[in-house]
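Any read-out appearing in this document is the output of simple, stated calculations on the displayed coordinates, not a laboratory observation. Predicted model, so just to flag it, every value in this text is computed and none were measured. We place every Cβ from the backbone using ideal geometry, glycine too, and count neighbours over all the protein chains shown.
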Ligand code: G
Ligand code: G
Ligand code: MN
């Protein structure tokens with residue numbers, strides 16, 4: 001929105017106009033007998049009387065508009081120079097990402113999922129990697145959220161499914177039928193609610209020739225927050241196809257336990273903050289114990305993420321936790337290195353203390369009480 005030559009002299013004048021516009025536009029209006037409500041977003045930029053370049057001014061207004069939209073419906077935001085920085089860097093990354101998807105800069109890596117009591121690899125989590133020619137490795141927690149703001153997330157999502165399914169098909173060909181490793185693919189809320197998701201999955205499974213039971217979708221509770229009804233119907237369809245859900249980052253989100261009943265995950269993945277806490281404490285250990293036991297009571301398979309030390313592994317074995325992932329076993333590796341991990345006949349990890357090898361699941365430990373009051 002421009003103000004110049006229209007009686008506006010200070011940014012505050014523009015704010016007053018923006019407020020008035022928002023009020024007027026928020027009034028319901030009638031179309032074909034229906035009451036419709038519409039919210040506007042406004043980006044405001046003040047002309048500094050120095051710049052003559054109107055294109056820049058429009059770009060700045062656009063950056064402010066973007067911030068306004070991000071803040072929620074029906075808002076206005078005044079432009080500040082830091083917004084330009086943010087807009088330029090994320091805009092160029094999204095453009096580069098689009099090209100990267102056409103080239104071979106994007107690939108999938110696979111982190112082994114280990115059956116803890118048997119020290120055996122039973123599956124892999126597919127994790128996206130972007131090897132940027134100048135920036136180096138761009139982490140997915142930087143580019144996935146950017147892709148989610150555009151439709152690029154759908155292209156990336158289909159790529160991940162195609163790659164992971166064809167990789168899992170290759171592993172299952174060389175494994176014995178009772179031991180075929182499964183693959184889990186991360187799926188953001190926008191992807192999960194994409195009406196095309198089911199057909200993409202079905203087509204990719206058929207084309208890749210993979211049994212549906214060897215595919216899991218990893219989702220977080222945010223999927224249910226976005227749309228409960230849509231989530232229920234999607235879960236039913238996936239169930240019908242024979243595809244399981246793994247509930248990711250469990251314990252960190254809103255963690256309403258009712259989501260467990262709604263999402264009916266086959267696997268719950270305990271977030272690494274409980275498994276390898278920044279500070280060891282009796283409290284975090286008790287939480288870990290409680291989450292493992294919750295999963296077991298609900299007949300879900302419990303997977304601990306981010307296992308980094310033998311001590312953490314031993315504790316999880318004592319708790320009877322079924323599955324685990326973490327640097328102690330292996331980080332995510334490129335597809336060509338998966339076969340070597342599967343071939344390690346002695347198990348994924350050489351055991352230090354063979355005396356405890358046939359790890360006894362579900363040992364009952366003496367109860368240590370949490371102090372109920374601080375000293
Ligand atoms: O190893 P790591 O840095 O790969 O992963 C960081 C985050 O990025 C995780 O939260 C993971 O869920 C997410 N992520 C990794 N790969 C994918 C992917 O293929 N699709 C989606 N939606 N998220 C991914
Ligand atoms: O959110 P999600 O669980 O999908 O992300 C998995 C993330 O955890 C990835 O970034 C992966 O590289 C990372 N990761 C895997 N194993 C370990 C581990 O042992 N320690 C830590 N700190 N991170 C891990
Ligand atoms: Mn995950």
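The mean sequence distance of close C-alpha pairs (under 8 Å, at least 6 residues apart), as a share of the length of region 76-196, puts its relative contact order at 24 percent. Considering helices alone, the calculated mean residue ellipticity of the chain at 222 nm is -13500 deg cm²/dmol, with DSSP H runs of length four and up weighted by -39500 (n - 2.57) and normalised per residue.
Just want to confirm a number: the relative contact order over the chain, from Cα pairs under 8 angstrom separated by 6+ residues, in percent.
That works out to 13 percent.
Taken as Cα centroids, region 203-265 and region 115-160 sit 18 Å apart, rounded to the nearest whole angstrom. Stretched out straight at 0.36 nm per residue, the stretch from residue 16 to residue 150 would grow longer than its current Cα-Cα span by 45.1 nm. Let's test the formula: R0 of 56 Å, r as the Cβ-Cβ distance of residue 225 and residue 120. What FRET efficiency results, to the nearest 0.05? My answer for the efficiency is 0.95. Multiplying the residue separation of residue 31 and residue 232 by 0.36 nm and subtracting their alpha-carbon distance yields 69.1 nm. Were the residues from residue 159 through residue 103 laid out at 0.36 nm apart, the gain over their Cα-Cα distance would be 19.0 nm.
Sorting 321, 187 from the fewest to the most surrounding beta carbons within 10 angstrom yields 187, 321. When DSSP beta bridges are restricted to pairs lying wholly in the chain, around 45% turn out antiparallel. Label positions at residue 54 and residue 82, each projected 7 Å from the Cα along the C-beta direction, are separated by 3.1 nm. The value of relative contact order for region 2-79, using C-alpha pairs under 8 Å at least six residues apart, is 32 percent. Placing pseudo-labels 7 Å out from each Cα toward the beta carbon at residue 38 and residue 297 gives an inter-label distance of 5.2 nm. By the count of neighbouring beta-carbon atoms within 10 Å, fewest first, 121, 200 end up ordered 200, 121. Classify region 40-169 from the C-alpha gyration tensor, please: rounded if a/c falls under 1.5, else prolate or oblate depending on whether a/b exceeds b/c. Here region 40-169 falls in the prolate category.
Taking label points 7 Å from Cα along the Cα-to-Cβ direction, residue 131 and residue 287 give a separation of 3.7 nm. Ranked by the mean number of other Cβ atoms within 10 Å of their residues, highest first, the peptides 279-287, 229-237 come out as 229-237, 279-287.
For the peptides 206-217, 136-147, the ranking by packing is 206-217, 136-147, with the highest mean count of neighbouring Cβ atoms within 10 Å listed first. For region 96-351, the alpha carbon convex hull comes to 135 Å³ per residue, rounded to a whole number.
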